[in-house]
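Notes to accompany the following structure.
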Amino acid sequence: MDPWKVIVEMFKSQGIEYVFGLGDTYINMYADELDGIEAINLRHESSTPFMAMAYSRLTGNIGVCSGAPGPGVANLIPGVLEAYSGSIPMVIPCLSASRETKGKGEFQETDQVKMMEPVTKWSVQVPSAERIPWFLKEAFKIAQSGRPGPVYLDIPADVAGSGPLSQKEDYGIDYPEGFTKIETFKPMASANKLKEAKKMIIKAKKPVIVAGNGAILSRAFKEFATFIEENQIPFLTTPGGRGIYPENSELALGVSGRYRSEPARKYYQMSDLLIIIGSSNEAFQTGWWEHLPGNAEIIQFDIDLTQPGRAGRAWEPDLFLPGDIKSNLRELNNNFSELEIDKDFSQARLEIVKDLKGKYFQKIKNDIEKDSESLRAREVIYKACQTFNDSTILVNENGGQDTWSYSYPYYQVKSLLGNIPVAEQTCMGMGVVGAIGAKLTSPDRPVLSICGDGAFQMYLQEMATACQYNLGLTWLVLNNNGLGWIRSKQKNAGIKTDTTDYKSQPDLTKVAQAYGCYAETINKKEEIIPALESAISANKNNIPAVLNCRIEYWPNMNHLDDKLKF
């Protein structure tokens, strides 16, 4: 059997439905021929990891992408870096130049294994065709075990040939008999540690939870819901943790760190127990490690024990619960009984949260309803949240607009898995392209990408991909002719420059229409909701939509917490 066909068949065995690449990869060629798995052909290799990330986030399965040798593989690196920082399980099999002519100047010869080493859990070259099944099995296990992440498999042309173009018929390799889906080991904390956690939670009067990306990766939705509902504990999330539980809940306080709201800050600072569930406590999520409640003990859940000092690399926890979050929460829930929860404490903290949120929500509503000379980013996002239904998947982009789309309650993620964020590297374009992957994976849910004109122009060629596959999603483009985040940072630093301005800007509405999208321009506040409704209508007919929102030149960021306003 052709080695590339074996690879695709083994992907099918893992329940993988799509592989992402350009039409020139042998993975895509074979996936296009076989039933049960589909090749999605994009316009640029750099887009393919973002599609795989969105697919993996929504399904919990491995994402697969590939690129041609040399520059094709190099184009994958930014997206693979993003997946690595976001702990997304991916397997990336790519062809490389033949070893038989190594050093002689073979076409597209380069050391792809070394290129991928810093941004993957495992980067390895497959030495022979008959060992391909073994390396794939290991790749599946490594990508999903412990802290998940991408794995790169380098397959030289002398090992696997050139796929359907090869003249060779027999490589001495067969699909492994009886091969089934790989199951990974789920470690747990000890019973004694879980009992200690229970005692700390019962004792606390004002506990608060920060749920991160790890809670999503563990698929701990049911266990998290039981934990917060039975114990009545208010929660924040990191950007990566949004979608673990609906944000329109009375227990929700929005996003932590630089994006936290006034109610979140006030309750968080008065808390006496901080429960961190699946967050690595990076800079943005912790306010550069300054947002530590002064009188709080810390419980931290985390699966990653591979980095020295991981448990206390930012804040030293009083209790560290290693292992799979879903398993640990399930066991912790089994240790509680209704009689052990102090109803007076839980009711008192709910009243505090209700009061803080009530005042703040009214303040936000008053601000949105007031007249303004220019179209404001926050009112566009607020009304998008009101207009799109509760099952919508928000695919967040990096840039100045995320200071509002991450800011609760301007946008509330109201459903499980209702958010696909960029990861820690915040690579621009992930939200633009990831939205296509989200709609492909979840065709029955509305998909909304909120992005700036900077990120949108980096990847706007993929509008053609959305049109080709009849994917009805909406890009809400907050357009202020430049890079708004850096522009504001320069202004606040007293730097007088216009280097972030786009002085030659295409009409993005006409560009989108040329690709085959529904598109219109929004200039005024009263145009927002009719335009959103038109976009939703187009999406229902499987037509992508672009709303070109001509917002204020200076995006107001004064709501950002503390010194992080810049």
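The values are calculated or read from the model by the stated rules, or taken from the named source; none is laboratory data. As the structure is a prediction and not an experimental result, all values here were calculated from the model. Here the Cβ is made from the backbone with ideal geometry for all residues, glycine too, and neighbour counts use every protein chain on show.
Filter segment 3-44 for residues that are within 22 Å of Ser87 (Cβ to Cβ) and touching a helix residue (DSSP H, G or I) at 6+ places or on another chain (Cβ under 7 Å) and give the result. Across segment 3-44, the qualifying residues are Gln14, Tyr18, Val19, Phe20. Looking across segment 16-31, the residues that are surrounded by fewer than 23 Cβ atoms within 10 Å (Cβ to Cβ) and within 12 Å of Gly63 (Cβ to Cβ) come down to Glu17, Tyr18.
So which residues in segment 67-82 are without any contact (Cβ under 8 Å) to a residue 60 or more places away in the chain and among the aliphatic types (A, V, I, L, M)? Answer for segment 67-82, where residues must be without any contact (Cβ under 8 Å) to a residue 60 or more places away in the chain and among the aliphatic types (A, V, I, L, M): Ala68, Val73, Ala74, Leu76, Ile77.
Candidates Ser442, Ser405: the one that is surrounded by 24 or more Cβ atoms within 10 Å (Cβ to Cβ) and assigned by TED's automatic domain parsing to the domain that holds Ser488 is Ser405. Of the helices (runs of 4 or more DSSP H) lying entirely inside segment 206-279, the ones with 1 or more residues being within 21 Å of Lys359 (Cβ to Cβ) are found at 262-270.
Please go through segment 522-556 and give me each residue that is within 28 Å of the chain's Cα centre (by Cα), polar (S, T, N, Q), under 22 Å from Arg376 (Cα atoms) and surrounded by fewer than 19 Cβ atoms within 10 Å (Cβ to Cβ), ordered by number. Across segment 522-556, the qualifying residues are Ser534, Asn556.
The residue pairs whose first member lies in segment 517-528 and is closer than 25 Å to Cys467 by Cα, whose second member is basic (Lys, Arg), and whose beta carbons are closer than 9 Å, counting only pairs six or more residues apart or on different chains, are Ala519/Lys510; Thr521/Arg550; Ile522/Arg550; Ile528/Lys383.
Of all residues in segment 405-429, exactly one satisfies the criterion of being hydrophobic (A, V, I, L, M, F, W, C), closer than 23 Å to Lys383 by Cα and at pLDDT below 95, namely Val422.
Taken over segment 340-380, the criterion of being exposed (fewer than 11 other Cβ atoms within 10 Å of the Cβ) and either in contact with a helix residue (DSSP H, G or I) (Cβ under 7 Å, 6 or more places away or on another chain) or under 20 Å from Gln401 (Cβ atoms) (or both) is satisfied by Glu373 alone.
Restricted to segment 309-420, the set of helices (runs of 4 or more DSSP H) holding at least 3 residues that are of a type in the set (Val, Ile, Thr) comprises 343-369, 377-387.
Within segment 275-289, the residues that satisfy the criterion of being surrounded by 23 or more Cβ atoms within 10 Å (Cβ to Cβ), out of contact with any helix residue (DSSP H, G or I) (no Cβ under 6 Å at 6 or more places or on another chain) and not polar (S, T, N, Q) are Ile275, Ile276.
If you go through segment 99-109 one residue at a time, do you hit one that is in contact with a strand residue (DSSP E or B) (Cβ under 7 Å, 6 or more places away or on another chain) and not small (Gly, Ala, Ser)? Yes: one or more hits.
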